[in-house]
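First up is the structure itself, then whatever we jot down about it.
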Amino acid sequence: MDRRFSFIRRIIDIIVSVLVLIISSPILLIALIAIKLDSKGPVFFVQERSGYLGKNFKMIKLRGMVQNAEMIGPIFTAQNDNRITPVGKILRRTSIDEIPNFINVLIGDMTLIGPRPELPSITKDYNEYQKQVFRFKPGVTGISQINGRQLLTPEQRVNMEIEYYSKENFISNLKIFLKTFQVVANNSGNI
């Protein structure tokens, strides 16, 4: 990726993130209140993820599971996971829980289109080929998010992402951005 594409990408990231956060603020406010009324615990779920150049960062989401869900169940969310709160089911179904990711984009930890940010417990076992994914900043959406999402194994995701992001361009990323709305509306590949 050349410098001009990187600069343009960063400007687009900032503009789109600010717009999304402003436009979605009424929805976020309702979601925050609903989370607080629905279950005990913080409204945000902050989790360590592996990012650009393999450096970890704190990814922000709306909490859709019971407090301390990681302590009382598996790392991965399962189909019909009883740790998901009633409000969390709605947030996950609509992907509203992901809106705070745009804060990570503003900070610079993430970009709009990029590989899925994985847990360090997964990336610590990456082989040399898979570590190539760290050359790309993780995204709010991306090639694996529109082609299987949570139905893909971590290995399938990382291989797909390395293949795609090694050749990405503005037009192909725009197609991913637009297809994301269809995937979210259909709830394709979401658990």
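The values are calculated or read from the model by the stated rules, or taken from the named source; none is laboratory data. Fair warning: this is a prediction, and the values are worked out from it, not measured in the lab. Quick reminder, even Gly has a Cβ in these numbers, built from the backbone with ideal geometry, and neighbours come from all protein chains shown.
Go through the residues of region 139-160 one by one and say whether even a single one is in contact with a helix residue (DSSP H, G or I) (Cβ under 7 Å, 6 or more places away or on another chain), surrounded by fewer than 15 Cβ atoms within 10 Å (Cβ to Cβ) and not hydrophobic (A, V, I, L, M, F, W, C). Among the residues of region 139-160, not one is in contact with a helix residue (DSSP H, G or I) (Cβ under 7 Å, 6 or more places away or on another chain), surrounded by fewer than 15 Cβ atoms within 10 Å (Cβ to Cβ) and not hydrophobic (A, V, I, L, M, F, W, C), which makes the answer no. Within region 90-107, the only residue that satisfies the criterion of being under 11 Å from Leu28 (Cβ atoms), of a type outside the set (A, V, I, L, M, F, W, C) and in contact with a helix residue (DSSP H, G or I) (Cβ under 6 Å, 6 or more places away or on another chain) is Asp97. As for region 40-53, it holds at least one residue that is in a helix (DSSP H, G or I), within 25 Å of Ile171 (Cβ to Cβ) and not acidic (Asp, Glu).
Here Phe177 fits the description: buried (at least 17 other Cβ atoms within 10 Å of the Cβ), under 16 Å from Ser17 (Cβ atoms) and of a type in the set (Phe, Trp, Tyr).
I'd like the full set of residues that are in contact with a helix residue (DSSP H, G or I) (Cβ under 9 Å, 6 or more places away or on another chain), within 24 Å of Pro115 (Cβ to Cβ) and at pLDDT below 90, limited to region 34-79. First the steps, then the outcome.
Taking region 34-79 first, the residues in contact with a helix residue (DSSP H, G or I) (Cβ under 9 Å, 6 or more places away or on another chain) are 34-35, 37-39, 41-45, 47-66, 75-77.
Those still in the list that are within 24 Å of Pro115 (Cβ to Cβ) too: 44-45, 47-65, 75-77.
Those that are in contact with a helix residue (DSSP H, G or I) (Cβ under 9 Å, 6 or more places away or on another chain), within 24 Å of Pro115 (Cβ to Cβ) and at pLDDT below 90: Gly64, Met65, Ile75, Phe76, Thr77.
Filtering region 13-20 for residues that are more than 17 Å from the chain's Cα centre (by Cα), farther than 18 Å from Met59 by Cα and surrounded by fewer than 16 Cβ atoms within 10 Å (Cβ to Cβ) leaves a non-empty set.
Just one of Gly88, Gly64, Gly51 is out of contact with any Gly (no Cβ under 7 Å at 6 or more places or on another chain) and either in contact (Cβ under 8 Å) with a residue 12 or more places away in the chain or of a type in the set (S, T, N, Q) (or both); which is it?
Gly51
The residues of region 20-30 that are part of a helix (DSSP H, G or I) and touching a Phe, Trp or Tyr at 6+ places or on another chain (Cβ under 9 Å), listed by number, are Val20, Leu21. There is at least one residue in region 21-41 that is in contact with a strand residue (DSSP E or B) (Cβ under 7 Å, 6 or more places away or on another chain), in contact (Cβ under 8 Å) with a residue 60 or more places away in the chain and hydrophobic (A, V, I, L, M, F, W, C). Only one of the numbered conditions (1) surrounded by 15 or more Cβ atoms within 10 Å (Cβ to Cβ); (2) more than 30 Å from Glu168 (Cα to Cα) is violated by Lys36, and that is (1).
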